[in-house]
1. Tell me which of these residue 117 doesn't satisfy, since it passes every other one: (1) among the small types (Gly, Ala, Ser); (2) loosely packed, with under 12 Cβ neighbours inside 10 Å; (3) in contact with a helix residue (DSSP H, G or I) (Cβ under 9 Å, 6 or more places away or on another chain); (4) at pLDDT below 70.
2. I'd like the full set of residues that are more than 15 Å from residue 15 (Cβ to Cβ) and surrounded by 14 or more Cβ atoms within 10 Å (Cβ to Cβ), limited to segment 209-224.
3. Considering segment 280-313 alone, what residues qualify as being modelled with pLDDT of 85 or more and among the small types (Gly, Ala, Ser)?
4. Residues of segment 314-358 being modelled with pLDDT of 80 or more, loosely packed, with under 12 Cβ neighbours inside 10 Å and not aliphatic (A, V, I, L, M), which ones?
5. Only residues that are among the aliphatic types (A, V, I, L, M), exposed (fewer than 13 other Cβ atoms within 10 Å of the Cβ) and either within 18 Å of residue 190 (Cβ to Cβ) or modelled with pLDDT of 80 or more (or both): list them for segment 146-167, please.
6. Restricting attention to segment 267-298, and to residues there that are small (Gly, Ala, Ser) and in contact with an Asp or Glu (Cβ under 9 Å, 6 or more places away or on another chain), which single residue is nearest to residue 251 (Cα to Cα)?
7. If you scan segment 1-27, which residues turn out to be surrounded by 15 or more Cβ atoms within 10 Å (Cβ to Cβ) and free of Cβ contacts under 8 Å to residues at least 12 places away in the same chain?
8. Is there any pair with a first residue in segment 272-283 that is free of Cβ contacts under 8 Å to residues at least 60 places away in the same chain and a second that is assigned to a loop (DSSP other than H, G, I, E, B) and of a type outside the set (A, V, I, L, M) whose Cβ atoms are under 6 Å apart and which are 6 or more apart or on different chains, and what are they?
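The values are calculated or read from the model by the stated rules, or taken from the named source; none is laboratory data. Please read these numbers as outputs of a predicted model, since none were measured by experiment. Glycine gets a Cβ as well: all are built from the backbone with ideal geometry, and neighbour counts include every protein chain shown.
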Amino acid sequence: MADSNKTEKPTSRRRQKARDKGQVARTRDLSGIGAVIAAIVLVGWQGSAMVEAWRGLLKSALEVSVGEVLTPGSSILFWTRWQVVRWIVPSLMGAWIVAAAASVAQGGFVFAPEAMAPNFEKFNPASRLQQMFSITSLSGLMKSLPPAVSIMYLAISSFRTHWSEIVQASNVPLGSVAHLAVSLMIEIGWKSLAVLLVLACIDYLVTWRKHESDLKMSQQEIREEMKETDGNPQVKGRIRRLQRQVRRRQMLKETEKATVVIVNPTHFAIAVQYLPNMRAPIVLAKGRDHLAQEIKDVARWHNIPIMENPPLAQALYRLVSVGQEIPAKLYTAVAEILAAVYRAQAQTRQNNRPQDNN
């Protein structure tokens, strides 16, 4: 009985692991019935030609046997073997191809090295005896009863239908008796094959449903699989925190190279660098709240100008990533900031220049 906790659909990884072990929804009955039908169809398709060929071969064998003694090297025996290969092999090949196609159609092509590995437990007589008297063996026996009962019923029904002809068989020519026997065989055969085909399809549906039920997973199993494939969430969270800390330290280090830090007095801080050989200013670092305060502290420590421009600070924070150039639509606002910075720096240098002594 399936575990009541296993209510979730199987993941693709669970399905692949089952396929690697050779566990697919597949029934041998469907492949076997398909092979038998294919062989009968091929024999029936070439029936008249086959009958003529065997009739000619029998006639030749009788003629040869009158004039000479048959030996293992006689030509007639060679032609007999050739006729067997000629007419039997195509039917066998067709049956094998249909059986293989039916098997692939059920579960696809499966290469399962784990299933091919030797299992010496299968050769243990005790385990084999246990399997013979197990529930699985009993279920297999019960599974074979419906086809047997169905075929028996069809045979009895056909005999009842033709009972009057069977009773009068002794009063009719031998050809009519042979025709009746062949007709009965064909009727019982195709009806039996139809029943077996239906039962094989039903068996496949039952096998498929059981296979899907066995593959179902509990929520705990899904979480464990996610841990195996994606890693433990706690470990991943710690890695992300460490990565954020590394990026934060890197940005604060890059802030030391900034030309100016543009701030919204409380929440945002963006470190901008511009050198004469640059095509456009670039953002070295940006942050909000606590990180913005750290950027401003670095700027003060290294005497980098801090300019307040709330709209520009918010726009740079939203639109520009760290390491990217400032977009053209913000050139004017940034240029005004840089010009103000350069004027202030020039004024500072002029004020710090030694005065000439008169």
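1. Of everything listed in (1) among the small types (Gly, Ala, Ser); (2) loosely packed, with under 12 Cβ neighbours inside 10 Å; (3) in contact with a helix residue (DSSP H, G or I) (Cβ under 9 Å, 6 or more places away or on another chain); (4) at pLDDT below 70, residue 117 misses just condition (3).
2. Once the filter is applied, which keeps residues that are more than 15 Å from residue 15 (Cβ to Cβ) and surrounded by 14 or more Cβ atoms within 10 Å (Cβ to Cβ), segment 209-224 yields only 218.
3. 285, 287, 292, 299, 313
4. 318, 321, 323, 324, 329, 332
5. In the first step, residues of segment 146-167 are kept if they are among the aliphatic types (A, V, I, L, M); the result is 148-149, 151-152, 154-156, 166-167.
So of that shortlist, the ones also exposed (fewer than 13 other Cβ atoms within 10 Å of the Cβ) come out as 148-149, 152, 156, 167.
Of everything in segment 146-167, those that are among the aliphatic types (A, V, I, L, M), exposed (fewer than 13 other Cβ atoms within 10 Å of the Cβ) and either within 18 Å of residue 190 (Cβ to Cβ) or modelled with pLDDT of 80 or more (or both) turn out to be 148, 149, 152, 156.
6. Just the residues of segment 267-298 that are small (Gly, Ala, Ser), to begin with: 269, 271, 280, 285, 287, 292.
This time we only want the ones that are in contact with an Asp or Glu (Cβ under 9 Å, 6 or more places away or on another chain), so: 269, 271, 280, 285, 287.
Details: 269: 12, 271: 9, 280: 19, 285: 5, 287: 9 Å.
Only one residue fits best here, namely 285.
7. 17
8. Partner pairs satisfying both residue conditions: 273/257; 273/259; 281/274.
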